[in-house]
Every structure is written in structure tokens, then in C-alpha cells.
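Asks: My questions all concern the structure below.
The values are calculated or read from the model by the stated rules, or taken from the named source; none is laboratory data. The model shown is predicted, which means the values in this text are computed figures rather than measured ones. Cβ sites come from the backbone with ideal geometry, for glycine too, and all protein chains shown count toward neighbours.
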Amino acid sequence: MSKSIHIYGFHSIEAQLNSSPESIIKVFIQSGRSDSRMAKMNSLLSNQKINCLKIDKNKLDRLVKGELHQGIVAEVILPPLPGHEALVDFVTKLSSIPLILILDSIQDPRNLGACLRSANAAGVDCVVVNKDGSAPINAVVHKTSAGALNKLKIFQVTNLVRTIKSLQAQELWVIGLDGNVKTSIYGINLCDPTAIVMGTEGKGLRLLIKKTCDQLAKIPMIGKVESLNVSVATGIALFEVRRQRQSG
């Protein structure tokens, strides 16, 4: 079942216009805004025949619950994310060596959005999130992803263990990131079909997910911090895959 959310800011709305303008229901513009950037946006919206309403700043603030909206908010339809069966079908039809990102219970929407941004930058084939325990796809995720949400294939599954086993049956090597193991991700061959699994903030991967992965690896750190932010770790791991594949 589709739902609608309010996204905000010029960059987010421009990204939506570029990827799926048909999903925009209407746009709310702050009364009195007449600068060049808003004029350009008005022209884009007019070309797409999108309904625009002018409302005061206080109403915009309430729509986005106090987030910085830059005087523009759009209501957009989010289609339901495809699930397990669609993911398996998608993977079987890939013509390139698969690279999949699996996110296990990322609960902070800003971290989720940043992980999606890293995934898009690294050119992953798709991202898998779990339905229960993960932050919902909302306006904050949309904003933090910097448009990546609109460019990624995202699947939402109810049972990550089942999904991991199905990917293993498709001959993907599933690697979970865990700071408590000795094996460095830099010492693993990542040129084969690979799925990288990232765990939740603070606690990391759940025990059953760890047991289901083919291998666990860590990102070696020299400094005194105990761990990296999950979105930073995601970017490091994914770009290590790309580095190996480009130099191999």
C-alpha cells in the first residue's frame, strides 16, 4: 500500500522531479518567496503541471516538524518496496558481478539516508533493509540520502536470515562487518559476487545474522575510537569492493 510523505528543500524536490515527477502530489511554497531560485523551481513545477499552493512559513514549519525546509515542501507518494521474492528474481537476472548492501536494523533515519547515499556512490546493485526494526523510509531519509533514494533499487524483507540464505543459494558470498573479529576486510577477496551486511548503531549485527554470514570482517582502525559511524563504515566497505574489482 502506497503512502505519502512530505519532503523538503530545493535539492530533495529537484531530485524527485528528475527521477519521478509523477509521484509528486502537490508542492507548498512559502508566501512571499520571489528569489531567482524559487522562480526557477516554479518554472520546473509549471512545466510538469504540478499543483502548487502558497502558504505561510508557520504552516510549512508544522508540515516538516521544524526541519529546515528552505521555503518549499512537497507531498510525494512512496510506492511500497518490493520484497524477498522480487529480490531473488532481481539477483538472478543481474548481468554484472553482484554487489548488494544489506542493512540490519539501522534505526536512525539520518544514518539510513547516509548509508543509501554511500551505496549509490559505490554503485551497488541494490540495498536490502528489514521491515521490522529498521527506520522507515521518511522525509529525513530522503533528505539525508541527497537524492540517492530515488536512484537505488531497495528491497524490504521480513526475515533477513532467510534472505541471506537465498542470496547464498545464488552463489553470493555474504560478509558481515563486525569490529570484534580479527579478519580485516582488506584481506578478503571481494571480486566475487558479494553482499555486505551492516549492523545497527551501537550493537552491530544481531547474533543470528552473524551466524548466517559466510564470513565476518572488521575495518582496522589506528586511532582510539571504538567504532565508526555505520554510514562511514558502509562507505569504506563498499569502496573497498570497488577498489579490488577495478584493480583486479
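Asks: Specify the residue that is farthest from GLU226 (Cα to Cα); the eligible residues are those in the range 173-199 that are in a loop (DSSP other than H, G, I, E, B) and within 21 Å of the chain's Cα centre (by Cα).
Replies: The residue in question is PRO193.
Asks: Select, from SER4, SER19, SER12, the only residue that is under 9 Å from VAL76 (Cβ atoms), within 19 Å of the chain's Cα centre (by Cα) and touching a residue at least 24 places away in the same chain (Cβ under 8 Å). Steps first, answer last, please.
Replies: Values: SER19 fails: under 9 Å from VAL76 (Cβ atoms); SER12 fails: under 9 Å from VAL76 (Cβ atoms).
Step by step, each of SER4, SER19, SER12 is checked, and only SER4 is under 9 Å from VAL76 (Cβ atoms), within 19 Å of the chain's Cα centre (by Cα) and touching a residue at least 24 places away in the same chain (Cβ under 8 Å).
Asks: Assess whether ASP56 counts as being over 25 Å from ARG110 (Cβ atoms), acidic (Asp, Glu) and modelled with pLDDT of 90 or more.
Replies: Numbers: over 25 Å from ARG110 (Cβ atoms): yes; acidic (Asp, Glu): yes; modelled with pLDDT of 90 or more: yes.
Considered against the rule, which asks whether it is over 25 Å from ARG110 (Cβ atoms), acidic (Asp, Glu) and modelled with pLDDT of 90 or more, ASP56 comes out as yes.
Asks: Could you tell me which of the residues ASN120, ASN58, ASN47, ASN138 is closer than 29 Å to SER31 by Cβ and assigned by TED's automatic domain parsing to the domain that holds GLU201?
Replies: On the way: ASN120 fails: closer than 29 Å to SER31 by Cβ; ASN58 fails: assigned by TED's automatic domain parsing to the domain that holds GLU201; ASN47 fails: assigned by TED's automatic domain parsing to the domain that holds GLU201.
Just a single option satisfies the conditions, and that option is ASN138.
Asks: Picking from ILE222, ILE188, which residue would you name as being more than 23 Å from VAL161 (Cα to Cα) and assigned by TED's automatic domain parsing to the domain that holds ASP104? Spell out how you get there, then give the answer.
Replies: Numbers: ILE188 fails: more than 23 Å from VAL161 (Cα to Cα).
Being more than 23 Å from VAL161 (Cα to Cα) and assigned by TED's automatic domain parsing to the domain that holds ASP104 holds for just one of ILE222, ILE188, which is ILE222.
Asks: Follow-up. I need the full set of residues from the range 232-241 which are touching a strand residue (DSSP E or B) at 6+ places or on another chain (Cβ under 8 Å) and either part of a loop (DSSP other than H, G, I, E, B) or of a type outside the set (A, V, I, L, M) (or both), in order please. Give the steps one after another, and end with the answer.
Replies: Looking only at the range 232-241, we keep the residues that are touching a strand residue (DSSP E or B) at 6+ places or on another chain (Cβ under 8 Å), and these are 233-234, 237-238, 241.
Hit for the range 232-241 is THR234, nothing else.
Asks: Can you go through ILE137, ILE106, ILE100 and tell me which one is outside any loop (DSSP other than H, G, I, E, B) and either over 30 Å from HIS69 (Cβ atoms) or aliphatic (A, V, I, L, M) (or both)?
Replies: Values: ILE137 fails: outside any loop (DSSP other than H, G, I, E, B); ILE106 fails: outside any loop (DSSP other than H, G, I, E, B).
Matching residue, one of ILE137, ILE106, ILE100: ILE100.
Asks: Hey, could you check the range 202-231 for residues that are touching a residue at least 60 places away in the same chain (Cβ under 8 Å) and part of a helix (DSSP H, G or I) and say which is nearest to GLY176 (Cα to Cα)?
Replies: Of the range 202-231, the ones touching a residue at least 60 places away in the same chain (Cβ under 8 Å) are 205-206, 209, 229-231.
Imposing the further condition that a residue be part of a helix (DSSP H, G or I) reduces the set to 209, 230-231.
Values: ILE209: 8, VAL230: 12, SER231: 14 Å.
Restricting to residues being touching a residue at least 60 places away in the same chain (Cβ under 8 Å) and part of a helix (DSSP H, G or I), the top hit is ILE209.
Asks: Can you pull out every residue in the range 109-134 that is among the polar types (S, T, N, Q) and assigned to a loop (DSSP other than H, G, I, E, B)? Reasoning before the result, please.
Replies: First pass over the range 109-134, keeping only residues among the polar types (S, T, N, Q): 111, 118, 120, 130, 134.
Within the range 109-134, just SER134 meets the criteria.
Asks: Just checking, does the range 160-172 include any residue being in a helix (DSSP H, G or I), in the same structural domain as THR92 (by TED's automatic domain parsing), free of Cβ contacts under 8 Å to residues at least 12 places away in the same chain and over 22 Å from the mean Cα position of the chain (by Cα)?
Replies: Going residue by residue through the range 160-172, those that are in a helix (DSSP H, G or I) are 160-169.
Those left that are additionally in the same structural domain as THR92 (by TED's automatic domain parsing): 160-169.
Those left that are additionally free of Cβ contacts under 8 Å to residues at least 12 places away in the same chain: 169.
Right, trim to over 22 Å from the mean Cα position of the chain (by Cα) and you get 169.
Within the range 160-172, one or more residues are in a helix (DSSP H, G or I), in the same structural domain as THR92 (by TED's automatic domain parsing), free of Cβ contacts under 8 Å to residues at least 12 places away in the same chain and over 22 Å from the mean Cα position of the chain (by Cα).
Asks: Can you tell me which residues in the range 1-29 are closer than 22 Å to GLY66 by Cβ and hydroxyl-bearing (Ser, Thr, Tyr)?
Replies: SER4, TYR8, SER12
Asks: Related question: Residue under question is PRO98, and the condition is that it be surrounded by 16 or more Cβ atoms within 10 Å (Cβ to Cβ), under 28 Å from SER12 (Cα atoms) and touching a residue at least 60 places away in the same chain (Cβ under 8 Å); does it hold? So that I can check it myself, show each step before the final result.
Replies: Details: surrounded by 16 or more Cβ atoms within 10 Å (Cβ to Cβ): yes; under 28 Å from SER12 (Cα atoms): no; touching a residue at least 60 places away in the same chain (Cβ under 8 Å): yes.
For PRO98, the condition - surrounded by 16 or more Cβ atoms within 10 Å (Cβ to Cβ), under 28 Å from SER12 (Cα atoms) and touching a residue at least 60 places away in the same chain (Cβ under 8 Å) - is not met.
Asks: Report yes if ILE154 is more than 18 Å from VAL88 (Cβ to Cβ), among the hydrophobic types (A, V, I, L, M, F, W, C) and surrounded by fewer than 23 Cβ atoms within 10 Å (Cβ to Cβ), otherwise no. Don't jump to the end; show me each part of the working.
Replies: Values: more than 18 Å from VAL88 (Cβ to Cβ): no; among the hydrophobic types (A, V, I, L, M, F, W, C): yes; surrounded by fewer than 23 Cβ atoms within 10 Å (Cβ to Cβ): yes.
Here the answer is no, as ILE154 does not meet what is asked.
Asks: While we're here: Just give me the residues in the range 123-153 being of a type in the set (A, V, I, L, M, F, W, C) and at pLDDT below 95, in sequence order. So that I can check it myself, show each step before the final result.
Replies: We begin by selecting, within the range 123-153, every residue of a type in the set (A, V, I, L, M, F, W, C); these are 124, 126-129, 135, 137, 139-141, 146, 148-149, 152.
The answer is ALA135, ILE137, ALA139, VAL140, VAL141, ALA146, ALA148, LEU149, LEU152.
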